[in-house]
Amino acid sequence: MYISKITLKNFRCFKQLNLVFPERAQKILITGANGSGKTSLLEALHYGCYLRSFRTHLPKELISEGQDTFFIKTTVLQDVNAHDISVGFAGKKRLVKVDQKVVNSYQELSDYYRVITLTEDDLQLIKGSPELRRSFLDQGLIISDASFVALGKSFRHIIEQRNALFGQSFSQESYQIWTHKLWQHSIEIQQKRCQLLKKIEESVNQLLHQWFDPAIQIECHYQTKGIRSGQSYEEFLERSTNLLLQERDWRRSLFGAHLDDFSIIFTNRQAKAYASRGQQKLIVLLIKIAQLEQLTKNKASVIFLLDDFMTDFDPEKAAI
């Protein structure tokens, strides 16, 4: 898979950009002064895959000043075939097309275009909030398993419906129904996240042993909220006798996959607290490479976008 060209209109600092890349180049280096749009260009390439930015959750923030729409078109080469991936945003609505045909599912898009992106902000995978780590796992699942999109959408609907119970005339029967649904969906999401995390852990340790020090390893520990591993629904209810009272006080769901987290252990200590900045960056880099390797095995070619991440590395590590 190669990026052939990209067209931007009213995206960030680009009122109009038509950029053609060297033909079938395996490595492309983009240089320029601060503020010239290097990161914005990678952001546009990222958006064409995930339909979201790595810098903001608000599409309106991607629009050039004084405009009310933006447009991205990326031409991707696969073998001898070229495909145009276009994304337009206007009036709070987004339109996605592949070769001028409207895309109705993420699976259709991921069959044509897949990227892994690494930026300075990805250090938050170690240092940031649980929400960021959950988002990382879910994005990884979306690009490797398109069916996860429907699972995530259904899960969010359950959370909304269950939380709504606490702000209106309460129904015990509805509460029991939505509690069971939330438990079921949480178990399914947790299993998929744990499987992905285990594969990443194994791949990172292989890379550490191959390129750095066989004595160094990481461990990834998934942490559930309110649900114990291997626990049946009946056992969950037995342990949660005070759950209803607590949730009615807080007016929201206090268990489920939307509250989970995972931690990274580096040489038997929490990477967040004890790893140096250089070590943290190395861990994140290897996690992304591991993700890249997994996708390459399962879904063929993937494009790797690297945004100014190599500072803080020793010359020897950077050379590797």
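The values are calculated or read from the model by the stated rules, or taken from the named source; none is laboratory data. For clarity, every value in this text was computed on a predicted model and none was experimentally measured. All Cβ positions, even for glycine, are placed from backbone atoms using ideal geometry, and neighbour counts span all protein chains on display. Remember, those area values only see protein heavy atoms, side chains included, never the ligands or the DNA or RNA. Shrake-Rupley method; radii C 1.70, N 1.55, O 1.52, S 1.80 Å.
Some notes on this structure:
- Among the candidates Ala150, Ala215, Ala146, residue that is at pLDDT below 95, under 30 Å from Glu108 (Cα atoms) and either in a helix (DSSP H, G or I) or more than 25 Å from the chain's Cα centre (by Cα) (or both): Ala150
- So Ser4, is it over 20 Å from the mean Cα position of the chain (by Cα), at negative phi and of a type in the set (Gly, Ala, Ser): yes
- Every residue from the stretch 181-208 that is surrounded by fewer than 15 Cβ atoms within 10 Å (Cβ to Cβ) and over 22 Å from Glu234 (Cβ atoms): Gln195, Lys198, Glu202, Gln206
Residue by residue, here is whether (1) exposed (fewer than 14 other Cβ atoms within 10 Å of the Cβ); (2) polar (S, T, N, Q); (3) touching a Ser or Thr at 6+ places or on another chain (Cβ under 8 Å); (4) closer than 28 Å to Leu132 by Cα holds:
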{"position": "Val20", "(1), (2), (3), (4)": "yes, no, yes, no"}
{"position": "Ala25", "(1), (2), (3), (4)": "yes, no, no, no"}
{"position": "Gly37", "(1), (2), (3), (4)": "no, no, no, yes"}
{"position": "Leu42", "(1), (2), (3), (4)": "no, no, yes, yes"}
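- Failed item, numbered, when Ala90 is tested on (1) open to solvent by 20 Å² or more (accessible area, probe 1.4 Å); (2) within 26 Å of Thr296 (Cα to Cα): (2)
- Verdict on Val76 being closer than 26 Å to Asp99 by Cβ, touching a strand residue (DSSP E or B) at 6+ places or on another chain (Cβ under 7 Å), open to solvent by 70 Å² or more (accessible area, probe 1.4 Å) and among the aliphatic types (A, V, I, L, M): no
- Cross-chain or 6+ apart pairs with Cβ under 9 Å, the stretch 295-313 first and over 30 Å from Ala33 (Cα atoms), then modelled with pLDDT under 85 and open to solvent by 70 Å² or more (accessible area, probe 1.4 Å): Lys299/Asp111
- Hits in the stretch 160-180 (condition: of a type in the set (D, E, K, R), within 21 Å of Ile227 (Cβ to Cβ) and surrounded by fewer than 17 Cβ atoms within 10 Å (Cβ to Cβ)): Glu160
Here's the yes/no breakdown for (1) open to solvent by less than 50 Å² (accessible area, probe 1.4 Å); (2) farther than 30 Å from Met1 by Cβ; (3) part of a helix (DSSP H, G or I):
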site	(1), (2), (3)
Glu234	no, yes, yes
Leu254	yes, yes, no
Ala290	yes, no, yes
Leu295	yes, no, yes
Asn298	no, no, yes
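- Only residues that are out of contact with any Cys (no Cβ under 6 Å at 6 or more places or on another chain) and within 17 Å of Leu259 (Cα to Cα) were counted in the stretch 178-219, giving 17.
- Filter pass, Glu188 being under 27 Å from the mean Cα position of the chain (by Cα) and either modelled with pLDDT of 95 or more or under 18 Å from Ala290 (Cα atoms) (or both): yes
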